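Take a look at the structure below.
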Amino acid sequence: MSNKPDPASIADFRTAARRALPKMVFDFFDGGAGSELTLRENRAALDRIRLVGSAPVDVGHRSSAITLFGKPLTMPVIIGPTGLAGAAWPAGDQALARAAGRTGIPFVMSSAASATMEAVAATGEGRRWFQLYLFRDREVSLRLLKHAETLGFEAIEITVDNAVPGRRLRDARNGFSLPFRWTPRKLLSLAAHPAWALRMARAGAPRLEVMAAEFDLKSARTIAEVMEQQLDPTVSWDDIAFIRDRWKGPLILKGLLDPKQGIRAAELGLDGIVVSNHGGRQLDGAVASIDMLPEFVSAVGSKLAILVDSGFRSGTDIAKALALGATAVQVGRATLYALASGGEDAVFRALAIIAAELDVAQAMMGAPAIADLRPSGLRLSPRLMHAEQVPVRDPMSSRSQPPFAA
Ligand SMILES: Cc1cc2nc3c(=O)[nH]c(=O)nc-3n(C[C@H](O)[C@H](O)[C@H](O)COP(=O)(O)O)c2cc1C
């Protein structure tokens with residue numbers, strides 16, 4: 001029996017994940033691109049925003065439920081697409097899908113998943129979306145699209161902030177490769193994490209199952225090389241229109257930071273967008289997603305669903321995005337940390353923690369329903385800056401009604 005206390009926050013799950021995983025695997029999940037400025041900025045930008053309580057308001061009956069694309073969610077949270085989840089826990093993609101299903105929220109399966117689409121589709125009642133990459137070989141993308149339809153995936157998210165792979169320095173320094181290669185130093189790290197090593201030995205080393213079924217991945221040594229070889233840097237809006245013609249269900253574009261992209265997406269008849277910098281893993285120095293959210297809301301908030309991700313680690317963070325007008329928030333690492341620390345049940349607990357934190361925020365902010373969370377319940381902290389943080393423009397200045405007005 002472990003005498004470690006149960007994780008009570010996503011930060012606790014991160015600590016548990018760091019303990020559970022060999023360093024190079026933890027770094028793959030945890031790390032960002034370049035100097036990790038954007039990785040830090042995602043957090044700093046959320047931390048700058050503070051909540052304004054508004055008691056007494058009758059909050060005796062509260063609900064975080066919303067309807068998205070005509071279906072109910074128990075809370076406005078979605079598990080976003082993350083590749084190679086099987087490196088955190090055997091059958092990690094299925095565990096994430098099941099935990100999302102038990103919670104009553106969607107799970108987005110990645111094109112870089114370490115499970116087949118059939119395996120994820122077979123995880124039961126939950127709602128599943130599929131994240132599509134536009135590969136150089138478009139036939140492959142179209143095949144995956146068709147497959148997603150046949151297997152009952154409800155929505156498609158096309159990720160567009162991957163013209164080239166991000167420069168992830170931790171992975172480069174650690175020699176993170178697929179299949180894993182164990183140098184003497186890494187073997188020491190492996191020996192220090194025997195439970196993970198045993199789980200992986202039993203389950204077999206994780207592979208990019210969806211992509212391995214379509215491509216010969218042997219010549220690529222790293223995930224970055226796989227992505228460089230297969231992802232198409234010529235993708236343009238014409239390709240998005242092409243997919244729109246072929247997918248009748250909800251179609252979402254992921255990886256937008258410029259509201260002009262949101263306007264274009266709405267013109268092409270997309271159903272949603274994800275304002276995202278890919279969790280700081282692509283363009284180091286990119287602006288924090290939360291800082292761009294208000295501009296998207298004023299540009300296209302009435303036209304399509306506005307999802308946002310990058311840096312969200314609590315229900316309180318999520319309340320901030322909802323108050324700024326987001327329809328829902330996607331999480332990446334928050335549930336990956338939990339997955340690494342204890343599989344499906346840990347992910348379920350992490351989502352319950354997020355739900356409880358969101359409920360507390362609603363209660364204290366006088367918001368019995370999600371729609372009651374308003375920009376007027378937010379302020380920018382007067383003591384804005386973390387020591388290492390670069391100054392940024394007041395993100396709310398473009399809104400017609402300044403949300404931080406006194
Ligand atoms: C380990 C890892 C793998 C990821 N793989 C993908 C992927 O295959 N496709 C994709 O669109 N986004 C991928 N992402 C980005 C996430 O969908 C999401 O944008 C990001 O994790 C949000 O930031 P957060 O981790 O701070 O929540 C990945 C993120 C991580 C951490």
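Taking neighbour Cβ counts within 10 Å as the exposure measure, how do Ser236, Ser289, Ser141, Ser111 sort from fewest upward? Provide the component values of the computation, followed by the final result.
Working: Ser236 11, Ser289 33, Ser141 23, Ser111 26.
Sorted ascending by nearby Cβ count, the order is Ser236, Ser141, Ser111, Ser289.
Only bridges whose two residues both fall in the chain count here: according to DSSP, what percent of them are antiparallel, nearest 5?
On the way: 7 of 32 bridges.
Once the DSSP bridges in the chain are tallied, antiparallel ones form about 20 percent.
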Residues Asp171, Asp317, Asp238 arranged by fewest to most Cβ contacts within 10 Å = Asp238, Asp171, Asp317
For Leu178, which sequence-distant residues (separation of 5 or more, or a different chain) have an amide H within less than 5 Å of its own amide H, given hydrogens modelled in the peptide plane?
-> Thr222, Ile223
Top mean-square fluctuation among Thr67, Thr103, Thr116, Gaussian network model of the chain, C-alpha springs under 10 Å?
-> Thr67
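Starting with the fewest neighbours, write out Lys71, Lys186 ranked by other beta-carbon atoms found within 10 Å of each beta-carbon. Provide the component values of the computation, followed by the final result.
On the way: Lys71 12, Lys186 18.
Ranking Lys71, Lys186 by Cβ neighbours within 10 Å, fewest first, gives Lys71, Lys186.
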15 Å reach of a label modelled at Phe180, 7 Å along Cα-to-Cβ, counting backbone N of the range 75-105 = 84-92
Indicate the helices, whole DSSP H runs only, in the chain that combine a mean Kyte-Doolittle hydropathy of -1.0 or more with a Cα extent along their long axis of 27 angstrom or more.
-> 333-364
Before rounding to the nearest 500, sum -39500 (n - 2.57) across all DSSP H runs of length at least 4 in the chain and divide by the residue total; then give [θ] at 222 nm in deg cm²/dmol.
-> -12500 deg cm²/dmol
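If you build the convex hull over the alpha carbons only and average its shadow over all orientations, what do you get for the chain? Give it in nm² to one decimal. Present the calculation step by step, with values, prior to reporting the outcome.
Details: hull surface 79.7 nm².
About 19.9 nm², averaged over all directions.
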For the range 112-146, listing chymotrypsin sites (Phe, Trp or Tyr not before Pro) in a DSSP loop whose Cβ sees at most 11 other Cβ atoms within 10 Å gives none
Computed over the Cα atoms of the range 1-120, the Rg and Dmax in Å are 17.8, 51
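Around Lys146, what is the net charge, scoring Lys/Arg as +1 and Asp/Glu as -1 over all other residues with Cβ under 14 Å from its Cβ? Kindly include the intermediate steps, with their values, before the conclusion.
Values: positive: Arg138, Arg143, Arg246, Lys248; negative: Glu118, Glu139, Glu149, Glu214, Asp245.
Around Lys146, the surrounding residues sum to -1.
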What are the residues whose amide H is under 5 Å from the amide H of Leu132, where those residues sit 5 or more places off or on another chain and H is modelled from the backbone?
-> Glu157, Ile158, Thr159
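Values in this text are rule-based calculations from the coordinates and carry no lab data. Predicted, not measured: the structure shown is a model, and the values here were computed from it. Backbone-built Cβ (ideal geometry, glycine too); neighbour counts: all protein chains shown.
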